[in-house]
Amino acid sequence: MRNILWCTGHSLKIPDIVRAEGSFIYDGRGNRYMDLESGVWVVPLGHNYPGVNQAINDQLSKLTHCGYYNSSSIVNEAARAVLGITGLEDGKCIFLCSGSEAVECGIQAIHKITGKTKLLCLHDSFLGSYGAASKKRQEEWHLLDWTGCRSCSQSERCDPDCHLFSAIPFKELGGFVFEPGSASGLVRFPPCALIEKMVSKIRDHGGKILVNEVTTGLGRSGQWFGYNHYQLKPDLVAMGKGIGNGYPVSVLAISQDAARKLEEKSFYYQQSHQNDALGCRVALAVIDELDKENLIERCSELGIEFLKHLNSICRKYPFVRDIRGKGFMIAIEFSGAGDQPAVAIHDQLIKKGFITSLRRGHNSLRIDPPLNIKKEYLAEFTTGLDSVLSSTC
Ligand SMILES: Cc1ncc(COP(=O)(O)O)c(C=O)c1O
């Protein structure tokens, strides 16, 4: 990798991957690794999935991209599928290339609709790698620190007079960008009452709700979307990662009302790979396959069983501070100074052939396997984790 500027924020661990299939990746030295991170949480169907490969090959031989003045029926077909799963049936979509881009486009859309450039989000949300979402400038964001809500005795109903609420300048805000479950980080789903009350207040002031489903979307939490765990119908939904199963496509789904406003106000977002036929064909295939194989329900049920099993292992080790999850989104948090022992355990797991995700700065690991991973592989991992944890004692 001499000629690659490595700026992912993570150190390079396996530099010679030669192929990947299903829940495994293989290096050039003949080693096999179980991918419990699903790439960067991007392959809900596992690597090299035949139904998606077939769709890519079919579309590749017909049309990949066709410019600003033209389109193809596959684009609208994919939009209908996306809107069907989001519950925004009469809305519209913009297909893009990355999760960050879908979120950023959603933010620009809210600015345009409401004329307000200040937005609300939770302090621990990760929203993207660039633009307003990454910088979170004070003049553009009100960050709500909801740490106290985790231990609040009122969290089931949320007191509207709570100081957290009274500090939110609802009148100034154009909307709320909600990342359910701090999913990029630590799998912490905020209380329903908190989210639902904030949504209602934002709407009372004409604001819009954008949900960042880049990580939680497409079934990872055991529902199609993270917001399905709340009584919440968003105005905009940003999806990325899983919707391409490894192919870089993302989408912003927009409610009918919000889309109408954007059209009235001539919303302008110019990017060359907008609504590319190839990405749309991939998104359609991914949605079809997840649905056909009943993988979301499977993830919900198996996720509970997997978490129980992991819990029974982790309980034996006092340095495991917490383990929590929803569906196939699991976080294991360790006690101790700095990032130890998470760093050591992460390395040991790789040596044993298991790839998990190290959450730097949180002394935690994330486990997010493909939604179709075989049960026996999950059992193999729990045994491997047990042996690594026991050697860390
Ligand atoms: C919650 C969340 N939102 C947005 C993004 C950005 O997506 P992408 O990396 O596809 O730009 C990420 C990436 O990890 C994420 O975890």
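Bear in mind these aren't lab numbers, they're just calculated from the coordinates by the rules spelled out. This structure is a prediction, so every number in the text was calculated from the model and none was measured. All Cβ positions, even for glycine, are placed from backbone atoms using ideal geometry, and neighbour counts span all protein chains on display.
Per-structure values
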read-out	value
Protection-proxy order for peptides 278-284, 167-173, 343-349, each taking the mean of Cβ atoms within 10 Å per residue, highest first	278-284, 343-349, 167-173
Those chymotrypsin sites (Phe, Trp or Tyr not before Pro) in the range 218-289 that DSSP places in a loop and that have at most 10 other beta carbons within 10 Å	TYR268
Distance-filtered residues of the range 349-393 - backbone nitrogen under 16 Å, label point 7 angstrom along HIS309 Cα→Cβ	354-355, 367-388
FRET efficiency estimate (nearest 0.05) - Cβ-Cβ, GLU196 to SER387, R0 35 angstrom	0.20
Linear extension gain, ARG203 paired with GLU376, 0.36 nm per residue minus alpha-carbon span	57.6 nm
Rounded FRET efficiency, nearest 0.05, which uses the C-beta distance separating GLU293 from TYR68 and R0 of 35 Å	0.45
Pair ARG137, VAL18: separation of 7 Å Cα→Cβ label points (nm)	5.0 nm
Zone residues, the range 198-212, relative to ARG260, backbone N less than 17 Å from point 7 Å out along Cα-to-Cβ	206-209
Shape call, the chain: gyration tensor on alpha carbons, a/c limit 1.5	oblate
Separation in nanometres of the label points that stand 7 Å from Cα toward Cβ, at ASP58 and ILE350	3.9 nm
Separation between Cα centres of the range 1-76 and the range 317-393, rounded to whole Å	24 Å
Cα→Cβ-extended label distance, 7 Å offset, between TYR317 and ARG360, nm	2.2 nm
Rounded to 5, the percent of DSSP beta bridges in the chain classed as antiparallel	65 percent
Burial ranking of peptide ranges 303-310, 360-367 (average Cβ count within 10 Å, highest at the top)	360-367, 303-310
Environment charge at SER73 (Cβ cut-off 12 Å; Lys +1, Arg +1, Asp -1, Glu -1)	+2
Ellipsoid equivalent to the range 211-255 - semi-axes via the Cα gyration tensor, in Å	18, 13, 6
